[in-house]
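Take a look at the structure below.
The values are calculated or read from the model by the stated rules, or taken from the named source; none is laboratory data. Predicted model only: the values in this text are computed from it and were never measured. Methodologically, a virtual Cβ is constructed for each residue, glycine included, from the backbone with ideal geometry; neighbour enumeration extends over all protein chains shown. Each accessible area value is taken on the protein alone, full model and side chains, heavy atoms only, with ligands, DNA and RNA left out. Shrake-Rupley method; radii C 1.70, N 1.55, O 1.52, S 1.80 Å.
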Amino acid sequence: MRKKTVMIHGGISVDKATGAVSIPISHASTFKQDGIGNFKYEYARTGNPTREALEQLVRDLEGGVAGFAFGSGMAAISSVMQLFSSGDHIIATDDVYGGTFRYMTKVMSKYKIDVTFVDTSDKDKVIASIQPNTKAIYIETPTNPLLKITDIKAIAAIAKENGLLTIVDNTFATPYWQNPIAHGADIVVHSATKYLGGHSDVVAGIVVVNSEKLKEDIHFIQNSVGAILGPQDSWLLIRGIKTLAIRMEEIEQSSSKIAEFLQSHPKVQKVYYPGFTNHPGHDIHKHQSNGFGGMISFDIGSSELADQLLAKTELFTLAESLGAVESLISLPARMTHASIPKERREELGITEGLLRISVGLEDVDDLIEDLSNALQ
Ligand SMILES: *Cc1c(COP(=O)(O)O)cnc(C)c1O
């Protein structure tokens, strides 16, 4: 099956009991056993039919051995981190999602799991950060909001040589455009709140693993910790994923036009978009991904100008989050990345005048008009 078909027919796409082509939402918390230990489902934290249909769908989308659905992206990421023990060390991309940075620095530190943040687009820096107790390399590509690119294959090769796990947050690229497991990753995580759900109406997280051992380990953690996704939200995600391919295709067209427009506008100082041939990592991204995605960041020089622009856009809604049908705009320094200390933000290049947009499904000419009016 090709990708577009997997979106519709992957996982369990027809209900066995009724033939329903939309998987029923199974609310039961417990299930009758035909004798002790003789059951298909036991208790809904351990397994639920609606969640299972979603989990098999995302497994098929990412080309892994097993999928798991969690109550949020952070529930998924923090559950994966429970693979590690006190005294372990992890290497992570230096501009990871703000919530991931907060979790790794404020919560994991309590369990004495050390994280070194490095520019993972630089292989030598990754190699230099490996310690005897290093257990994993955790990357995001493209990153948020500067859309930095890391070579998944190169990182996975370094990890394999050193006996480390490669974990990739694939939220921005989506499994429609990029499958890290095909490039050697062991674990893929998603904030399914974004493109997978796609309609700004569900908070969810996904983990897909590439071995029987990791399948067992993550299932054990999911069942022990209990940060599962509920049946209603699982159903919403299945429904969202059915149109992921078609949404990403449309978003791709619009984003490249919007990026070109911004690039040619005299008031815009700098545009970050992996589709530009001069974007750092453009060639690597093209090699490991089939699309550039719907995220564009641009710098208009100061927080005053950014405030003025934000007050003037009508179709780009000022909001956190991304990846939905409606176009969104945000100011990372004071929103998504506010929890990162100012000095660190500046080091990374997340300036006060940097705006980030998530391109939605509106008519691209209306979106360009909206930006054009606001910039004027
Ligand atoms: C939003 C996001 C997360 C966190 O996901 P939640 O669903 O909000 O918990 C993690 N990684 C990336 C890249 C994100 O954009």
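Which of the following residues is open to solvent by less than 10 Å² (accessible area, probe 1.4 Å), on the phi < 0 side of the Ramachandran plot and out of contact with any His (no Cβ under 8 Å at 6 or more places or on another chain): 264, 339, 303, 358? Testing whether each residue is open to solvent by less than 10 Å² (accessible area, probe 1.4 Å), on the phi < 0 side of the Ramachandran plot and out of contact with any His (no Cβ under 8 Å at 6 or more places or on another chain) leaves just 358. Within the stretch 215-225, can one find any residue that is farther than 30 Å from residue 118 by Cβ, in contact (Cβ under 8 Å) with a residue 12 or more places away in the chain and open to solvent by 40 Å² or more (accessible area, probe 1.4 Å)? The answer is yes, given that some residue of the stretch 215-225 is farther than 30 Å from residue 118 by Cβ, in contact (Cβ under 8 Å) with a residue 12 or more places away in the chain and open to solvent by 40 Å² or more (accessible area, probe 1.4 Å). Scanning the stretch 200-214 for residues being surrounded by 16 or more Cβ atoms within 10 Å (Cβ to Cβ) and in contact (Cβ under 8 Å) with a residue 40 or more places away in the chain gives a total of 10.
For residue 328, the requirement of being within 16 Å of the ligand (Cβ to nearest atom), in contact with a strand residue (DSSP E or B) (Cβ under 6 Å, 6 or more places away or on another chain), closer than 19 Å to residue 365 by Cα and not assigned by TED's automatic domain parsing to the domain that holds residue 99 is met. Somewhere in the stretch 321-333, is a residue more than 27 Å from residue 62 (Cα to Cα), in contact (Cβ under 8 Å) with a residue 60 or more places away in the chain, touching a helix residue (DSSP H, G or I) at 6+ places or on another chain (Cβ under 8 Å) and among the small types (Gly, Ala, Ser)? There is no residue in the stretch 321-333 that is more than 27 Å from residue 62 (Cα to Cα), in contact (Cβ under 8 Å) with a residue 60 or more places away in the chain, touching a helix residue (DSSP H, G or I) at 6+ places or on another chain (Cβ under 8 Å) and among the small types (Gly, Ala, Ser). Among the conditions (1) open to solvent by 20 Å² or more (accessible area, probe 1.4 Å); (2) under 24 Å from residue 331 (Cβ atoms), residue 133 misses just one, which is (2). Report yes if residue 156 is within 17 Å of residue 292 (Cα to Cα) and of a type in the set (Gly, Ala, Ser), otherwise no. Taking the combined requirement at face value, the residue does not satisfy it. None of 91, 139, 152 is surrounded by 22 or more Cβ atoms within 10 Å (Cβ to Cβ), assigned by TED's automatic domain parsing to the domain that holds residue 224, under 25 Å from residue 320 (Cβ atoms) and aliphatic (A, V, I, L, M) except 139.
Given the residues 266, 274, which is the only one that is under 21 Å from the mean Cα position of the chain (by Cα) and not polar (S, T, N, Q)? After applying the criteria, what remains is 274. Listed by position, the helices (runs of 4 or more DSSP H) enclosed by the stretch 1-114 that each have at least 3 residues that are touching a Gly at 6+ places or on another chain (Cβ under 6 Å), within 16 Å of the ligand (Cβ to nearest atom) and not hydroxyl-bearing (Ser, Thr, Tyr) are 73-81.
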